[in-house]
1. Between the range 98-135 and the range 147-183, what is the separation of their alpha carbon centroids in Å?
2. Which value, in debye to the nearest 20, gives the size of the charge dipole of the range 158-201 about its Cα centre, when Lys and Arg are +1 and Asp and Glu are -1 at the Cβ?
3. With everything on Cα atoms, drop me the angle between helix 99-108 and the longest principal axis of the chain, reported from 0 to 90° to the nearest 10.
4. Whole-Hz Karplus ³J(HN,Hα) for the range 83-98, in order, using 6.51 cos²θ - 1.76 cosθ + 1.60 and θ = phi - 60°, x for Gly and Pro?
5. What residues qualify as long-range amide H neighbours of Leu110, i.e. H under 5 Å apart, gap of 5 or more or another chain, H built at 1.01 Å from N?
6. So who's got an amide H within less than 5 Å of the one on Gly84, skipping anything under 5 residues away but keeping other chains? H placed 1.01 Å off N, in plane.
7. Calculate the spin-label point distance for Arg104 paired with Glu60, positioning each point 7 Å from the Cα along the beta-carbon direction, and give it in nanometres.
8. Sequence-distant or interchain residues sharing an amide H contact under 5 Å with Arg149, placed H: which?
Amino acid sequence: MLKVLLASRNAGKLREFSALLPDLHFVPWPADAPELPETGAFFQDNALQKAEGAQAWWHEHGTEPVDGVLADDSGLCVDALWGGPGVLSARFATDLPEYRAKNRRLLAMLPAGADRSARFVCVLAYVPLTGEPFTVSGAVEGSLAFDPRGESGFGYDPIFIPDGHQQTFGELPIELKHTLSHRSRACQALRSRLEAVGGALSPATSG
Ligand code: ITT
């Protein structure tokens, strides 16, 4: 089984990757490891920055060999907010500790009658043990609900209604989110890429 260091502190992402890529063995980013900088203007820059930063740190401090390092930069892009919060999704309303309150603030920023179109975007960066780093991406189109609804998932899931549905990702079964989410689409692309580079789903590390 390919052993992959997941360069993320987000427990929601770890849960989703474990479900979406069950044939990979994920090593979680240690709690005492440094926070990974993400200073880019684009999802792709930040995903690469996190993956390469994690790979460099693991090279010095890692406790076990891994076959590659995976990072995810993602967010919610709202048309009426000029694509925001976008790459700043994790840093939106940091004065509010709870996502329920952050979600309400975000919804309150939309003027009455505004276009509610939005999309979730996910860019994955993968740094293999040998070979070149690469990125893949996925997106899901939808619209914003008028109030947060549902407890499933994490982050902005309670306010996002994927196209073709009436319920939010917070209300829909997680298995359904996994068939159409931005992260599931990026994971499909990652799987194809790993398979294309010649059986890369087999480990280079032992065990
Ligand atoms: P890491 O950088 O440690 O991975 P993070 O939470 O800071 O964790 P990002 O910088 O990529 O990650 O920010 C992404 C934010 O976008 C995340 O914190 C959520 O608020 C939101 N987000 C991304 N994917 C989501 C999803 O599937 N459902 C709900 N919200 C999501």
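1. Cα centres, the range 98-135 to the range 147-183: 13 Å.
2. 200
3. 50
4. Rounded to whole hertz, the list is x, x, x, x, 5, 9, 4, 6, 10, 7, 6, 5, 6, 9, x, 9.
5. none
6. Val78
7. 4.3
8. Under 5 Å from the amide H of Arg149: Ile159.
Any read-out appearing in this document is the output of simple, stated calculations on the displayed coordinates, not a laboratory observation. The shown structure was predicted, so the numbers you read here are calculated from the model rather than taken from an experiment. Cβ coordinates were reconstructed from backbone atoms using ideal geometry, including for glycine residues, and neighbour counts include every protein chain displayed.
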